[in-house]
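Bear in mind these aren't lab numbers, they're just calculated from the coordinates by the rules spelled out. Keep in mind it's a predicted model, so treat the numbers as computed, not measured. Cβ sites come from the backbone with ideal geometry, for glycine too, and all protein chains shown count toward neighbours.
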Amino acid sequence: MKISRRNFLKGSVTTLFLAGFNLPVYSNSKKKNLVVIMLRGGMDGLCAVPVIGDKDFEKRRKNLILDKTIKLNSDFALHPRLTNFHKLWKKEMGTIIHATNIPYTQRSHFDGQNLMETGGRVPYEIKTGWLGRTMKLAKLQGDGLALSLPMPLLLRGVPKNDNYYPAKGIMPRKEILEILRSVYLDKSEEELLNMMEIIKQRSTISSEYESRDNSALALKAGQELNKLEGPRVAVFEIDGFDTHAAQGGIDGSHSDCLIDMDKIFLNLEKGLGKELNNTLIVTLTEFGRTIKQNSGLGTEHGYGSAIFMGGGLLKKSQVFTDWPGLKRKQLFEQRDLNSTIDSRSIYASAMSTVFEVDFERIRKEVFWAEDLKNYSDKLFKT
Amino acid sequence: MKNFFRKVAFGIGPNENVPSDPLQWAKEQLNDVPQFSWKGKKIYTEKELRKFYGEYIYGDRKILRKKYKDDKHAYKIEKDKLRHKTGQKYWQNLELCIRHTEALKSKTPVHAKLWYFWGNHFAISDKDFLARYSTGAYQRETIRANMNQNFEKMVYEGTVAWAMIHHLDNQENIGPKSESAKEEWRRREKEPATINENHARELLELHTVSPNSGYTQEDIVQLAYIMTGWRPIRDKKKLETANIFFSRKHHQPGKKVVMGKKYKSGKKSLSVVIRDLVNHPSCRNFIATKLCRYLITDYPTKDMIVPIVKAWEKSDGFLPEIHKAAVEVAFNYSDKYQKFQNPENWLLQMSKMCDINLIPGTKLMESYELGYKPSGYQRSLERLLKELGHHPYLVKQPNGWSDYSEDWMSPELMIRRLIFAKQGYFKMKPSNQNNGFYEKMIRKNFDNPNEILKFLKKKNQPEDRHILLFNLPEALKA
């Protein structure tokens, strides 16, 4: 059973709390950041990173084949609207994992999104997220930043995460905040005090309206991650990948979502500046989409998808895959791109690299000793 | 003691007298299910609202997606029209009016606060379009309507409710040895009949015995077998929104064993197994603990739980008796424990105590016409609750909104309280924005009025005083 927050506070030294918890865990090494972008609705890996010259593919989604794709290597191309990701690719800071997914094959968004966040195999069985659990293991408390109002399940498992999602409304004056802070201090309301300390530092929200657009949030997150004493982990959400109809080609609805993702890459880079070198950005989705287009020129829920990764902690730019092929018999249940890499292996490897925690410990303590592979030396600078 | 009025309800309003016997006042509200205090002309049935849902699903899936397959813009426009034609953005707002009127205007706010508890215990999470058409009505008809019944009846009706079956995928729960499993099309389409454990697991884990009872994975599977066949009637037009029935064709034949007890094949076994689950000692303990957590403290003590369990045993799980025991425990611990209020309850408390005009009137709500987009005023409650981070129908997971304070502590959520305290002040009647009003209100609703008044006296601006008051630990907790 998880240690409750309250017990933790009791068990910890009071001065830890007063210091604000941001203890330098790795005082001898550089601060490294991890950003996770959740792509909700089922990201179509074959739309984002199409396979080149595959007749089975072209035959099955005639109307959805993209023009003017960007060739990445002899086998794969990139969606032409992912220009910012392509810039990272050209700087050896872009990697794609293809034909990968969490081990979930039932095609329900609801269950799939639960599992992509918990990392488990049974929907709703686990009440914490793989990222939160690993942060706890790495003693990264008070280091998570969610760019959303509710705390995502993905970050649960470690207390004291921060979030940023500008409110629609005007904050009270600083003076009022200061009065409340001193009340909370006098009354030993530790949790409220801790919140107020963070709120007080956010000078701008009291005076101007800030955008909730993912681009604006990414810029802000980049700036926060850039700070030495700032968060080390950020989590984004993009909705709308569930394109059952009018998925379209280059300008279709799936593209709109991919562009949203691409802008997060751009603005994170803007905010991070040189610290992009010490950052890893990864995407996460519940499943891919069927190869075959449906009668509404959309796609149905599938299985295998792709992961986008960006940042200077990557070894090089590459499409990393154990390609299963798209012939009927090679497909999962004869309809979907198969998943040949358990995406949790990628996330565990990524966290091992960024958080400097032994992969085996993550595998055992976060993923219940499941059969995950360590890809760190193939994907990341170690 | 005055804290108690906020602990089990939403405080005492300016036009109400402080009850001389608070416990009696609270208990009297719990004997029956009161009529709704919302004075609108019509409260729609869940079935009526589900019909709109069905029209939306069918219209989108079977008509629009095909018609506008080449044109995402036209598709979007037509889909929006269909949304409005079926009232998609209106119904939840009407439901929230009904819900909040029970807290603010009824004579039974204690009943309302417990209704919110049960709605969340048997949560319908934000899946598909349930929140927009069905969840509010489900909480009225399946949950609230059974608050004067035994817990067993509430569990049974919740389990076979259309919203619950749909949301926990029981229509996908098909006996692998059922008649349907042998159908030719399954081989052709490669869709073998399999069980789906979701609903069975939540019935055990969240709704009744909890994992403390020690059930195994095999118990979940066996319960899932018992639940096979409970699904919507096949209907080409209504699709998945058709009424729930028991389909023998999809039911797994043979005996099942759940937690050591045997159950026969067939429809009746579901009610039999539910009776056994609600009579399991873990179930009483689990529910009593949750009630204490909701009303009193994050970590209830054994002394709090025992009286509720006893009332349960004595009354055979009769909900009014369980509720009375829970409010009595809350009363006894009122001075010693303060519970951090979730955003919705906090908002309602501020609105009640300050007589804030929170709920759009019946006239405004009923001026809505199907086919049109509801106005910003008509949608104000939905927007407000979303912005506060606590919309009761938009819970992410089947385990409902958390009753632990730590889950409501995030900088952004606290920022919302600061902002909405400020907005609340400007929604008060100007005639109430004076010291006299605040003094009376604070004396009625807080146990340390002198301390609070002394603190607020130092601040000049009335608006500031309001923001400070509703963000003091005394007001954030009850």
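Test of the criteria: in the stretch B:142-243, which trypsin sites (Lys or Arg not before Pro) are in a DSSP loop and have at most 12 other Cβ atoms within 10 angstrom of their Cβ? The partial results should precede the final answer.
Numbers: sites: B:R144, B:K153, B:K177, B:K182, B:R186, B:R187, B:R188, B:K190, B:R201, B:R234, B:K236, B:K237, B:K238; in loops: B:K177, B:K190, B:R234, B:K236, B:K237, B:K238.
Sites meeting the loop and neighbour criteria: B:K190, B:R234, B:K236, B:K237.
On C-alpha positions alone, give me the angle between the axis of helix B:217-227 and the longest principal axis of chain B, in degrees, nearest 10.
Compared with the principal axis, the helix lies near 80 degrees.
Of the candidates A:G53, A:G271, A:G45, which one comes out as most mobile in a Gaussian network treatment of chain A with C-alpha springs shorter than 10 Å?
Among A:G53, A:G271, A:G45, the largest mean-square fluctuation in the Gaussian network model of chain A belongs to A:G53.
Across peptide A:156-169, what mean number of C-beta atoms from other chains lies inside 10 Å of a residue's C-beta? Mind showing how you got there, number by number?
Details: counts 1, 0, 0, 2, 3, 3, 3, 6, 4, 7, 2, 10, 4, 8.
Going residue by residue through A:156-169 and averaging, the value is 4.
For the protein assembly as shown, what is the calculated [θ] at 222 nm in deg cm²/dmol (nearest 500), taking -39500 (n - 2.57) for each run of four or more DSSP H residues and dividing by its residue count?
Computed ellipticity for the protein assembly as shown at 222 nm equals -12500 deg cm²/dmol.
Using the Kyte-Doolittle scale, which helices in chain A average at least 0.5 and also have C-alpha atoms spread 15 Å or more along the helix axis, with helices defined as whole DSSP H runs?
Membrane-span-like by this criterion, though nothing is claimed about a membrane: A:343-355.
What is the dipole size for chain A, taken about its Cα centre, with +1 at each Lys and Arg Cβ and -1 at each Asp and Glu Cβ, in debye to the nearest 20?
Roughly 560 debye for chain A.
What trypsin sites (Lys or Arg not before Pro) in the stretch B:250-317 are in a loop by DSSP, with at most 16 other Cβ atoms within 10 Å of the Cβ? Walk me through the numbers before you get to the answer.
Numbers: sites: B:K255, B:K256, B:K261, B:K262, B:K264, B:K267, B:K268, B:R275, B:R284, B:K290, B:R293, B:K302, B:K310, B:K314; in loops: B:K255, B:K264, B:K267, B:K268.
When the trypsin sites (Lys or Arg not before Pro) of the stretch B:250-317 are filtered for loop state and at most 16 Cβ neighbours within 10 Å, B:K255, B:K264, B:K267, B:K268 remain.
Step through the residues of the stretch B:191-199 one at a time and calculate ³J(HN,Hα) from phi using the Karplus curve (6.51 cos²θ - 1.76 cosθ + 1.60, θ = phi - 60°), rounding each to whole Hz and writing x for Gly and Pro.
Each residue of the stretch B:191-199 in turn: 10, x, 6, 9, 7, 10, 7, 3, 5 Hz.
Give A:K160/A:K200; B:K105/B:K352; B:K76/B:K237; B:K177/B:K264; B:K105/B:K444 a once-over and call out the pairs whose C-alpha atoms are over 20 Å from each other.
Pairs exceeding 20 Å: B:K76/B:K237.
Mind scanning B:K47/B:K238; A:K62/A:K327; B:K190/B:K255; B:K41/B:K85 and naming the pairs with a C-alpha gap bigger than 22 Å?
B:K190/B:K255
Modelling each spin label as a point 7 Å along the Cα-to-Cβ direction, I'd like the A:D256/B:T362 distance in nm, to one decimal.
4.0
Can you give the net charge of the other residues whose Cβ lies under 14 Å from the Cβ of B:S431, counting K and R as +1 and D and E as -1?
Net charge around B:S431: +2.
I'd like the Kirkwood hydrodynamic radius of chain B, using the inverse of the mean 1/r over distinct C-alpha pairs, in Å. Intermediate results must be reported in sequence, preceding the final value.
Numbers: mean 1/r = 0.0416 Å⁻¹.
Across chain B, the inverse of the average 1/r is 24.0 Å.
Which order, highest average first, do B:35-43, B:91-99 follow once you tally other Cβ atoms within 10 Å for each residue and take the mean per peptide?
Ranking, from highest mean packing down: B:91-99, B:35-43.
Put +1 on the Cβ of each Lys and Arg and -1 on the Cβ of each Asp and Glu in chain B; which of B:V110, B:Y372, B:L388 then has its Cα farthest toward the positive end of the dipole?
Ranked along the dipole, the leading option is B:Y372.
Just want the ordering: A:D377, A:D67, from fewest to most Cβ atoms lying within 10 Å of their own Cβ.
Ascending number of Cβ neighbours within 10 Å: A:D67, A:D377.
Give, rounded to the nearest 20 debye, the magnitude of the charge dipole that the protein assembly as shown has about its Cα centre when Lys and Arg contribute +1 at Cβ and Asp and Glu contribute -1 at Cβ. Show your work: numbers first, answer last.
Working: 140 positive and 103 negative charges, 254 e Å.
The dipole magnitude comes to about 1220 debye.
Taking a cut-off of 24 Å between Cα atoms, list the lysines near B:K310, but don't count ones fewer than 8 places away on the same chain.
The reachable lysines, counting only those whose Cα sits under 24 Å from B:K310, are B:K7, B:K27, B:K113, B:K153, B:K290, B:K302, B:K324, B:K336, B:K339.
Using 0.36 nm times the number of residues separating A:T83 and A:T105, minus their current alpha carbon distance, what extension gain do you get?
Result for the pair: 4.8 nm of gain on full extension.
Quick one: which residues, 5 or more positions from A:E237 or on another chain, have an amide H under 5 Å from its amide H? H modelled 1.01 Å from N in the peptide plane, none for Pro or chain starts.
Sorted by chain and number, the residues that satisfy this are A:M38.
For the pair A:K139 and A:T382, what calculated FRET efficiency results from E = 1/(1 + (r/R0)^6), where r is the Cβ-Cβ distance and R0 = 22 Å, to the nearest 0.05?
0.60
List the trypsin sites (Lys or Arg not before Pro) within the stretch A:208-245 that DSSP assigns to loop and that have no more than 12 neighbouring Cβ atoms inside 10 Å. Walk me through the numbers before you get to the answer.
On the way: sites: A:R212, A:K220, A:K227, A:R232; in loops: A:R212, A:K227, A:R232.
Of the trypsin sites (Lys or Arg not before Pro), the ones in loops of the stretch A:208-245 whose Cβ has at most 12 other Cβ atoms within 10 Å are A:K227.
Let me spell out the model: positive unit charges on the Cβ of Lys and Arg, negative unit charges on the Cβ of Asp and Glu, origin at the Cα centre of chain B. What dipole size does that give, in debye rounded to 20?
1300
Using the alpha-carbon atoms, what tilt in degrees (0 to 90, nearest 10) does helix B:269-278 show relative to the longest principal axis of chain B?
Roughly 30 degrees between the two axes.
Just to confirm the number: angle between the C-alpha axis of helix B:302-315 and the first principal axis of chain B, 0 to 90 degrees, nearest 10?
In chain B, helix B:302-315 runs at an angle near 60 degrees to the longest axis.
Looking only at the stretch B:300-334, which residues have a backbone nitrogen under 19 Å from a spot 7 Å from the Cα of B:D21 in the C-beta direction?
B:321-333
Under the Kirkwood approximation for Rh and a Cα-based Rg, what ratio Rg/Rh is obtained for the protein assembly as shown?
0.96
What percent do you get for the relative contact order of chain B when only Cα pairs under 8 Å and 6+ apart count?
Reported relative contact order: 23 percent.
First obtain the Kirkwood hydrodynamic radius of the stretch B:163-278 from its Cα pairs, then insert it into the Stokes-Einstein equation at 37 °C and 0.692 mPa s, and state the resulting D in µm² per second as a whole number.
Diffusion coefficient, whole number: 227 µm²/s.
Under a point spin-label approximation (7 Å from Cα along Cα-to-Cβ), what is the A:D67-B:T194 distance to one decimal in nm?
Label at A:D67, label at B:T194, 4.2 nm between them.
Percent relative contact order of the stretch B:29-116, based on C-alpha pairs within less than 8 angstrom and at least six residues apart? Each step should come with its number before you reach the end.
Working: 49 pairs, mean separation 40.5, N = 88.
It comes to 46 percent, rounded to a whole number.
When only Cα pairs under 8 Å and 6 or more residues apart are kept, what is the percent relative contact order across chain A?
28
By count of other Cβ within 10 Å, fewest leading, how are B:H167, A:H86 ordered?
Ordered from fewest to most neighbouring Cβ atoms within 10 Å, B:H167, A:H86 come out as A:H86, B:H167.
Most exposed first by the Cβ proxy, i.e. fewest other Cβ within 10 Å, how do A:S188, B:S334 rank?
So the ranking, lowest neighbour count to highest, is A:S188, B:S334.
Give, as a single signed number, the net charge of other residues whose beta carbon lies under 14 Å from the beta carbon of A:L228, with Lys and Arg counted +1 and Asp and Glu -1.
So the environment of A:L228 carries a net charge of +2.
Quick check: pseudo-label points 7 Å beyond the Cα along Cα→Cβ at A:E360 and B:K373, how many nm apart are they?
Reported label-point gap for A:E360 and B:K373 is 5.9 nm.
Using a 10 angstrom Cβ neighbour count of at most 11 plus a DSSP loop assignment to flag exposed GluC sites (Glu not before Pro), which longest range of chain A is free of such sites?
A:1-207
For A:E333 and B:K268, FRET efficiency with R0 = 35 Å and r from the beta-carbon atoms, rounded to 0.05? Walk me through the numbers on the way to the answer.
Details: r = 36 Å, r/R0 = 1.03.
Working from the Cβ atoms, E equals 0.45.
Which one, B:H73, B:A193, B:H207, is farthest towards the positive end of the dipole of chain B when Lys and Arg carry +1 and Asp and Glu -1 on their Cβ?
Working it through, the farthest residue towards the positive pole turns out to be B:H73.
What are the residues whose amide H is under 5 Å from the amide H of A:T279, where those residues sit 5 or more places off or on another chain and H is modelled from the backbone?
A:N33, A:G312, A:L313
Calculated FRET efficiency, B:D80 and B:Q423, Cβ-Cβ r, R0 41 Å, to nearest 0.05?
0.90
5 Å is the cut-off here: which amide hydrogens, built 1.01 Å from N in the peptide plane, fall below it relative to B:V258, excluding neighbours closer than 5 in sequence?
Here B:Y263 satisfy the definition.
Hey, if you put +1 on the Cβ of every Lys and Arg and -1 on every Asp and Glu Cβ in the protein assembly as shown, which of B:V309, A:I96, A:S182 ends up farthest toward the positive end of that dipole?
It is A:I96, whose Cα lies furthest towards the positive end.
From the backbone phi of the stretch B:369-377, what are the Karplus-calculated ³J(HN,Hα) couplings (6.51 cos²θ - 1.76 cosθ + 1.60, θ = phi - 60°) in whole Hz, Gly and Pro given as x?
10, 4, x, 10, 7, x, 6, x, 5
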